[in-house]
Amino acid sequence: MAIESRSASPKRTQEIAAEFAQKLFTSTPIFIRLKGEMGAGKSEFARGFIKKWLELSCEAAAESIVSPTFNIARVYGAAKPIAHLDLYRMQSMQELEQLGFEHYFYELPCCLVEWLERIENPESVVPERYYIVEIEHGASPEERIIRFQERLKSP
């Protein structure tokens with residue numbers, strides 16, 4: 001069953017993400033698959049989640065938390081590292097393997113991934129338990145509908 005929130009601004013999207021981070025912080029490892037079309041607010045959500053995660057880890061906030069579109073992966077924090085991956089430019093499982101995705105997906109306390117659907121059979125690489133956060137445009141230009149769902153990997 002999905003839980004739904006609504007946001008009327010990028011700031012509110014970050015606040016909703018921070019609330020989610022607060023809720024999940026003690027239940028590591030955490031894997032979050034961020035879904036939504038271009039411009040839906042996936043990076044805003046990640047920014048709010050990462051800021052709160054670092055705060056909860058008692059670490060200084062990163063100077064800037066940006067979408068890793070060109071870097072593909074960014075890791076923040078040392079005490080409880082959190083990875084943010086943007087796979088938009090990935091086109092194959094081979095590229096994902098060359099990136100060393102296993103480290104990010106399975107070894108770090110938390111991993112947020114955008115555009116996992118660009119990889120063939122994305123279900124094959126997610127951990128046993130993961131979350132999907134789906135963000136879509138609402139009725140007004142600034143409104144976003146954010147759905148949270150916990151999933152268990154299909155056998």
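The values are calculated or read from the model by the stated rules, or taken from the named source; none is laboratory data. If you're wondering where the values come from, they're calculated on a predicted model, not measured in any experiment. Please note: Cβ atoms are built from the backbone with ideal geometry, for glycine as well, and neighbour counts cover all protein chains shown. To get the accessible areas, we keep the full protein, side chains included, count just its heavy atoms, and leave off ligands, DNA and RNA. Shrake-Rupley method; radii C 1.70, N 1.55, O 1.52, S 1.80 Å.
Restricting attention to region 1-10, which residues are part of a loop (DSSP other than H, G, I, E, B) and under 16 Å from the mean Cα position of the chain (by Cα)?
Across region 1-10, there are no qualifying residues.
So, in region 11-34, exactly how many residues are touching a residue at least 24 places away in the same chain (Cβ under 8 Å), in a helix (DSSP H, G or I) and closer than 19 Å to Ala79 by Cα?
So the answer is 4.
Under 8 Å between Cβ atoms, at least 6 apart or on separate chains: pull out the pairs that start in region 105-126 with a residue that is at positive phi and end on any residue that is surrounded by fewer than 20 Cβ atoms within 10 Å (Cβ to Cβ) and assigned to a helix (DSSP H, G or I).
Listed by first residue and then by second, the contacts come to Asn121/Met93.
Anything in region 117-155 that is open to solvent by 30 Å² or more (accessible area, probe 1.4 Å), assigned to a loop (DSSP other than H, G, I, E, B) and in contact with a Lys or Arg (Cβ under 7 Å, 6 or more places away or on another chain)? List them, or say none.
The answer is Glu128, Glu143.
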